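Notes follow once the structure below has been shown.
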Amino acid sequence: MAQNISALRKPSVAIIGAGPAGLTAAYLLSKEGIPITVFEADPQYVGGISKTVKKDGFHFDIGGHRFFSKSKQVEDFWNEILPHDMLDRPRSSRIHYRRRFFSYPLKPFQALFNLGVFESLLCVMSYIKAKIRPRKNPKSFEDWVTNQFGERLFRIFFKTYTEKVWGMSCREISADWAAQRIQGLSLFSAVKNAFGFGRSKNKSKEKVIKTLIDTFRYPRKGPGMMWEVCAEKIKAMGGKIEMGSKVVSLHWNASKQTWTLHSRATLDQSPGLSVEADHVISSAPIRELIPSIQPALSVQAAHSAQALRYRDFLTVTLVLKGKELFSDNWIYIHDPSVKVGRIQNFKSWSPEMVPDPALGCYGLEYFCFEGDALWSQPDSELIALAWKELELLGLSEGCEQIKGYVVRERKAYPVYDEHYLSHVANIRAALDTNFDHLHLVGRNGMHKYNNQDHAMMTAMLTTQNIMAGRNIYDVWQVNQDAEYHEAGEHAESGASGLRAVPSRIRPDEQESNSQEVA
């Protein structure tokens, strides 16, 4: 559609969401003297899922954020915002299984020692069995991993954690995801190498192992520090950031080629602001954005937006006195007897996250769906559950519980089910056909399982498109390495730029596969 903004003035931009994507766009546009208004529904915190929650002097990282990117643009941005407040931290994470710690990625002799001779022998026999009699036509995640590593290794190192994160059986997850993740997650190759099975000469896989960094950078007061400082810099340049202000409607005026946004206050539901802008950049969840647009999109597009799903999670933070439970940034919990999926050690991210050096502060992460039984439990019950599970895992010995907190995070992960790709395509087509100057960015804004730096890159390219007055970059081609393709030149045919995330196998495939396994 035509670009009709007058070349005699700079365009105004409204930005929905003050997460990494929204604030990156706001900062870069403000530097160019472009007037911006940011709407953030949270009344207190900027940063989205990259915020740092603060309680009684303690700082909580929601999900854990390592500051490392292959993009020089992103690294330069971080350096510009926090030139003197980034710590170099050792990368450390392990797997906790049967009250033992396994290095991540696995170290061969350590894995053998921790599993024990008898269990290791059973794993080898299970692997041999899988190679002699593999499951035919593997369609599920379980089938594919079992064929690669044997059923026993699958159950130890893959099944429990994967099902906790995504809330579905490994028999329901497509084998395609396992095949993709073997390229991007060294755990799989490490498990294979740990037992000496089929060491690959494939250079691309060796390259993947090298990408497991030993150190990373981290703001001394948590990831939210980056975005809090960024927000202050934006305001110092004249940008507006409206906290506790949720956009409830966007109206497109085709004759004027402008958008009018209306918001309401999230705390008291009172009417908020009305802002007119030439462009809108949205990192809001697509499912929430589409119903607010006027003129309304087609029934098909509205249905596609409503059909998009999200995985939520909550963090139960326990403040303990006594010995340190572990020194890692976080540990992955593969024990099926507990619900917790991952445990963070906030002091390991940065000592300044914990105000008293005599205390430890740990975040137990539970993956769930908003409104389910776990999500809806009272905070007191969740804190009691977290402490009980620490005891079951053998991690609470010698520690005294001082206090606890609960932080719930909605729409943390976009779900890639079997229909999500067609739903996103329907929405994109409807937006491109009916409206100008509406730009989707970030994880939830694009329904793409992006990391922080990937979300930032989508915003960086969007700002360049706005300043150029035309789409010189295809933002949808930003991929998991924070790289991009210029639209029309380097974009590979069929490339989606999507990060590998589990998708469900189709019901007919699942039924057929069940019969085959039986």
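A few points about this structure:
- 26 Å Cα-Cα threshold exceeded, pairs from LYS51/LYS323; LYS31/LYS54; LYS139/LYS159: LYS51/LYS323; LYS31/LYS54
- Residues with amide H under 5 Å from that of ARG91, placed H, sequence gap 5 or more: THR215, PHE216
- Label point distance in nm, PHE101-ASP214, each placed 7 Å from Cα along Cα→Cβ: 1.8 nm
- Taking all Cα-Cα distances within the range 1-97, those exceeding 18 Å account for 64%.
- For HIS251 and MET125, the FRET efficiency from 1/(1 + (r/R0)^6), where r spans their Cβ atoms and R0 equals 51 Å, is about 0.20.
- Phi angles of the range 379-386 translate, via the Karplus equation with coefficients 6.51, -1.76, 1.60 and θ = phi - 60°, into HN-Hα couplings of 4, 4, 6, 5, 5, 5, 4, 4 Hz per residue; Gly and Pro are given as x.
- Virtual spin-label span in nm between VAL299 and ALA468, 7 Å along Cα→Cβ: 3.9 nm
- Note on the range 310-414: Rg/Rh from Cα positions, Kirkwood definition for Rh, rounded to two decimals, is 0.95.
- Charge dipole of the range 224-375 about the Cα centre (unit charges at C-beta), most positive-ward option of SER292, ASN345, ALA236: SER292
- The ratio of the alpha-carbon radius of gyration of the range 280-348 to the globular-protein estimate 2.2 N^0.38 Å is 1.85.
- Percent RCO, i.e. relative contact order, over the range 310-414, from Cα pairs under 8 Å lying at least 6 residues apart: 46 percent
- Amide N of the range 352-366 lying under 17 Å from the label point, which is placed 7 angstrom from the Cα of LYS55 along Cα→Cβ: 353-356, 359-366
- Whole-number percent relative contact order across the range 29-119, with pairs defined as alpha carbons under 8 Å at least 6 apart: 10 percent
- Taking packing as the residue-averaged number of other Cβ atoms within 10 angstrom, the listed peptides 228-239, 163-174 run from highest to lowest as 163-174, 228-239.
- In this label model, SER274 and ASP85 are separated by 3.8 nm, measuring between points 7 Å along each Cα→Cβ vector.
Readers should treat all values here as calculations from the given coordinates under stated rules, not as data from a laboratory. Bear in mind the structure is a predicted one, so any value in this text is a computation, not a measurement. Cβ coordinates were reconstructed from backbone atoms using ideal geometry, including for glycine residues, and neighbour counts include every protein chain displayed.
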